[in-house]
Amino acid sequence: MINAITVSDAVARWAGHGAPSPDHIGAALDALGGDGRMERGLARLAAGRAESESPAESGSRAVMMVAGVPPPRLQQPLFREDGSFLARPDFLWPEFRLVAEVDGRVKYLDPTMNGGQGAGSAVFLEKEREDDILAAGYAVRRWGFRLITQGERLAALLRGAGLPSGPPQLM
């Protein structure tokens, strides 16, 4: 499931940039006919979201779908009460006042990904950003790649933050 959603997100992200669209790929797959696996594959392809910006975000979404938590808004700007920009989190559930972020080491250690800052500065700026989000009344949850591969632990983290869970949204 994680691999399927990661590929579906990439297809959605690259559609219109010289890559075939999800509809085009879906039509080609549908023309092949087949058993239930084809329908499952088409459903996973349709679940792709261009706003998912990394394999970690895509994998996290796959875990969320299996856990049956409400779908988050992806990369949606968040504003303070005065209208000023606050953040653009990976995942946002405004109705639950919850922001979630999935980060890899590269965000903090690779100068091309953190504006040329050292790791310490990148971590400190991210801490300040999180403090601002908390001050605005949102809870924040964070995880890395390891929790994506331990889906039940990630699902428990999200449920512990107040997200309800229901039946899986996609299998």
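Only residues that are in contact (Cβ under 8 Å) with a residue 60 or more places away in the chain and under 14 Å from the mean Cα position of the chain (by Cα) were counted in region 68-117, giving 6.
When the residues of region 156-171 are filtered to those that are in contact (Cβ under 8 Å) with a residue 24 or more places away in the chain and surrounded by 14 or more Cβ atoms within 10 Å (Cβ to Cβ), the one that is farthest from residue 63 (Cα to Cα) is 161. In region 46-58, the residues that are within 12 Å of residue 12 (Cα to Cα) and in contact (Cβ under 8 Å) with a residue 60 or more places away in the chain reach residues that are buried (at least 17 other Cβ atoms within 10 Å of the Cβ) and polar (S, T, N, Q) with C-beta atoms within less than 8 angstrom, at least six apart or across chains, in these pairs: 47/8. The sole residue among 100, 122, 155 that is touching a helix residue (DSSP H, G or I) at 6+ places or on another chain (Cβ under 9 Å), hydrophobic (A, V, I, L, M, F, W, C), assigned to a strand (DSSP E or B) and outside the structural domain of residue 8 (by TED's automatic domain parsing) is 100. When the helices (runs of 4 or more DSSP H) confined to region 12-76 are screened for residues that are surrounded by 14 or more Cβ atoms within 10 Å (Cβ to Cβ) and modelled with pLDDT of 70 or more, those reaching at least 3 such residues are found at 36-46, 55-67. Out of the residues in region 102-121 that are modelled with pLDDT of 80 or more and more than 20 Å from residue 55 (Cα to Cα), state the one that is surrounded by the most Cβ atoms within 10 Å (Cβ to Cβ). If we take residues in region 102-121 being modelled with pLDDT of 80 or more and more than 20 Å from residue 55 (Cα to Cα), then 121 is surrounded by the most Cβ atoms within 10 Å (Cβ to Cβ).
Going through 141, 153, 146 one at a time, which residue ends up being touching a Leu at 6+ places or on another chain (Cβ under 8 Å) and either farther than 20 Å from residue 78 by Cβ or surrounded by fewer than 14 Cβ atoms within 10 Å (Cβ to Cβ) (or both)? Answer to the selection: 153.
The values are calculated or read from the model by the stated rules, or taken from the named source; none is laboratory data. All values derive from a computational prediction rather than experimental measurement. Cβ coordinates were reconstructed from backbone atoms using ideal geometry, including for glycine residues, and neighbour counts include every protein chain displayed.
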